[in-house]
Amino acid sequence: MLHFKRCQHLKQITQKCFSSIHVKTDKHAQLFLSRTFALAELRKSWHSTHSLVGDKNIILMGPPGAGKTTVGRIIGQKLGCCVIDVDDDILEKTWNMSVSEKLQDVGNEQFLEEEGKAVLNFSASGSVISLTGSNPMHDASMWHLKKNGIIVYLDVPLIDIVSRLKLMKIDRIVGQNSGTSMKDLLKFRKQYYKKWYDTRVFCESGASPEEIADKVLNAVKRYQDVDSETFISTRHIWPKDCEQKVSTKFFSEAVIEGLASDGGLFVPEKEFPKLNCGEWKSLVGATYVERAQILLEKCVHPADVPAARLGEMIEAAYGENFACSKIAPVRHLSGNHFILELFHGPTGSFKDLSLQLMPHLFAHCIPPNCNYMILVATSGDTGSAVLNGFSHLNKNDKQRIAVATFFPENGVSDFQKAQIIGSQKENGWAVGVKSDFDFCQTAIKRIFKDPDFTGFLTVEYGTVLSSANSINWGRLLPQVVYHASAYLDLVSQGFISFGSPVDVCIPTGNFGNILAAVYAKMMGIPIRKFICASNQNHVLTDFIKTGHYDLRERKLAQTFSPSIDILKSSNLERHLHLMANKDGQLMTKLFNQLEEQHHFQIEKILVEKLQQDFVADWCSEGECLAAIHSTYNTSGYILDPHTAVAKVVADRMQDKTCPVIISSTAHYSKFAPAILQALKIKEINQTSSSQLYLLSSYNALPPPHEALLERTKQPEKVEYQVCAADVDVLKSHVEKLIQSQFM
């Protein structure tokens, strides 16, 4: 759903376009704008529809033993409203017998029907209602309740539920047959709870009813306050007049627009949500999907993406597309070094962890029946990951969302290039650019900032541009999950106890991956140091050491680790904005200076602040290959070149007083020639297929990536477009692709 401000913004762009190209609004553009305004009205009506003022109910849902009745009474006292317990006040009064007697009398299936009928005949307003544990298993009655209330899911740890039921001497619940354990049935029931809730209260183990009641009230308040979680541009200049309105966007708008209209990047206006120690501990035994659901629900307002729908997206994203059920497992390498394996997705890189989810978020957020063209610059891994991710959308979404990925024609590995080209689908294209990644990224930013061109596309083709690079908040946010999950896995495996510090070492080019780790720390993960690892293109390392970002007389070098062959680091702007207390005026000054003079220097106080958390160094090509060779010889584990860069820097910079988690950002199969050279294997001059199968014969860790092996079986020659390094030429390609997809 979109806010009214989005409509005004589109209207301004369209009007500017009309004045510059002297055309009249055609029927398509009028339809587009009318749909956008209609969605704005839906967003405006959210507060009146989802407000407790008047006749709305707070409906507490959860398993038996979750404490719904007790918590409901406490909330009723705090709010001074009626409290209704479905068991005591509806079912038993309707049946004139106890619930347990009714269950024994009619059996499981008939009980659910009788229970549902009783609830369907009941109505209330302005009350707190405590459901039974089995109410959510009856669809009709839940729809009846949902129409007039906010359903709050009390997500209590299973261990607490089981112990409470024992104390209550409850040994059987609805649906439990002989041979079915209580624990298994409670796990089975979760699917019903996830289907209905509007907001979740995540309860740490041992939380008191009073604490849970306060959490419920806070959750309902957040749910009602649709304007509480907004985004601003990193270049937003705060008004001097306190009464002047701040220009903000909702999550859905930030995802759709990708880049702010002033050239800045979207960031949360307020602080990141934080989990307490007990909540984190409750996630130690959770799966990756469960962790993602809890963390992302706290970061995405339900007015933008309803919690239940978000859960469906997460389950779809991290399902059968990942070769490892743990999604992003942590492996002990040696000593205090741990490898965070981020390459088990379909394209074999860490980009899959966000780009299997981001397309679903994007498709949900955009207005119905409107067309979007996603423009992506890739230094190697993003291209195939974004094409793969958007290819998994349903048929209707693929008809209205297309992707064009621009990659440096001679600046990625042979396998990466073949993978990008081979990932083209009916709604996705690859375009080689005769330049480097920095040009591709800068060109796309310039296209976004050209209102004449973007307005023309809106009017002429009913198409809006957006991005799926990490400049897009919807792309960056899911990356926070795997950094948090890695820490929890170390706790789960017994290497540390919760609260013990760790360092993270991340091969860094565009600063998105390491920034996601910063956000994980803001949410409560105790990361001590962020170790930035660069290759020969070490502009970030130099900046962290000096505070001087200097591109003058610096040329991009092609290395064995092409995904970090980047000189202009987009996401650094987000971190500097955070450090500078959201000083948009300073960000505008610095990054305009970078564009015009190719360098900037931050003040000493900011350098010191940066160095409190960050250390950095870089790795030569020879050191990279040597690290791959030595690691394989000592542990039988093959590092990809980017991970090897991080390993070299971690060895050099980390003091070994705590664990260091090294992000392994890609599977080594994507860089077979470099790996063969590092391992001193002579058969380098083979086809990429032969190289991959040769490496797989070594029985090394990690195992061969089956999806990458399958990629080598596809035809070598796949058609794709190549264009000159000229922004106008790129615009022409974008327009032609839009014509072929949407007209």
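Some points to look at:
- Euclidean distance of C-alpha centroids, segment 455-517 and segment 686-743, integer Å: 24 Å
- Reported label for calculated Cα extents along the principal axes in Å given (i) 122, 59, 56; (ii) 173, 53, 46; (iii) 84, 69, 55: (iii)
- Across the chain, the relative contact order, built from alpha-carbon pairs under 8 Å that are at least six residues apart, equals 14 percent.
- Principal semi-axes in Å for segment 561-716 [√(5λ), Cα gyration tensor, largest first]: 38, 20, 13
- For the set Lys147/Lys298; Lys545/Lys589; Lys93/Lys298; Lys445/Lys680, the pairs lying more than 31 angstrom apart at their alpha carbons are Lys93/Lys298; Lys445/Lys680.
- In the chain, the DSSP beta bridges split such that about 20 percent are antiparallel, to the nearest 5.
- Solvent-accessible surface (1.4 Å probe) assigned to Thr442 amounts to roughly 20 Å².
- Distance distribution P(r), segment 674-743, all Cα-Cα pairs, bin width 5 angstrom from 0: 3, 12, 16, 14, 10, 9, 11, 11, 9, 4, 0 percent.
- Helix-only arithmetic for the chain: the sum of -39500 (n - 2.57) across DSSP H runs with n ≥ 4, divided by the residue total, places the mean residue ellipticity at 222 nm at -14500 deg cm²/dmol.
- Inter-label distance, nm, simple model (7 Å from Cα along the C-beta direction), Glu595/Asp728: 1.9 nm
- Protein heavy-atom surface of the chain, 1.4 angstrom probe: 50% of the accessible area is carbon and sulfur, with nucleic acids and ligands not counted.
- What the chain shows is 39 Å² of accessible area per residue, with the surface traced by a 1.4 Å probe over protein heavy atoms.
- Beta bridges assigned by DSSP with both partners in segment 288-408 are antiparallel in approximately 40 percent of cases.
- Here Lys146 is the anchor, and the aspartates and glutamates within straight C-alpha reach of less than 14 Å, apart from those fewer than 8 places off in the same chain, are Asp55, Asp198.
The values are calculated or read from the model by the stated rules, or taken from the named source; none is laboratory data. What you see is a predicted model, and the numbers here were worked out from it, not measured in a lab. Glycine gets a Cβ as well: all are built from the backbone with ideal geometry, and neighbour counts include every protein chain shown. Just so you know, the surface numbers come from the protein's heavy atoms only, side chains and all, with ligands and any DNA or RNA stripped out. Shrake-Rupley method; radii C 1.70, N 1.55, O 1.52, S 1.80 Å.
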